[in-house]
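None of the figures in this text is laboratory data; all of them are computed from the coordinates on show. Small disclaimer: the values here were computed from a predicted structure and weren't measured. Glycine gets a Cβ as well: all are built from the backbone with ideal geometry, and neighbour counts include every protein chain shown.
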Amino acid sequence: MPKPFCKKCLLADIDIDGLYKQVSDLIAVMPDDVKVSSEVYNHRLETCKQCDRLENGICAECGCFVELRAASKRNYCPSVYKYW
Ligand code: SF4
């Protein structure tokens, strides 16, 4: 069966092969001083959901799972427009 394809979907929306659980588990063990606040995190993901470069939870600019990339303070949007 072909994998679903969803433009502007997060992994949380489609959960391909349980990847969302794996990503969530990785975020859960990140130290608090490395993670952004939930407000910043949600804002970043809402921005990604409006972006044409989001495909199946992956940013087409960098190949990252956006839910994982957005969780870290040191990360930023890789677009030339720096959406976040
Ligand atoms: S280019 Fe930036 S806003 Fe767009 S999906 Fe990637 S990280 Fe998100």
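Side notes on the structure shown:
- Those helices (runs of 4 or more DSSP H) of the stretch 17-80 in which at least 3 residues are closer than 14 Å to residue 7 by Cα, considering only elements entirely within it, cover 38-49.
- Complete set of residues in the stretch 46-57 that are farther than 9 Å from residue 8 by Cα and either loosely packed, with under 14 Cβ neighbours inside 10 Å or more than 8 Å from the ligand (Cβ to nearest atom) (or both): 46
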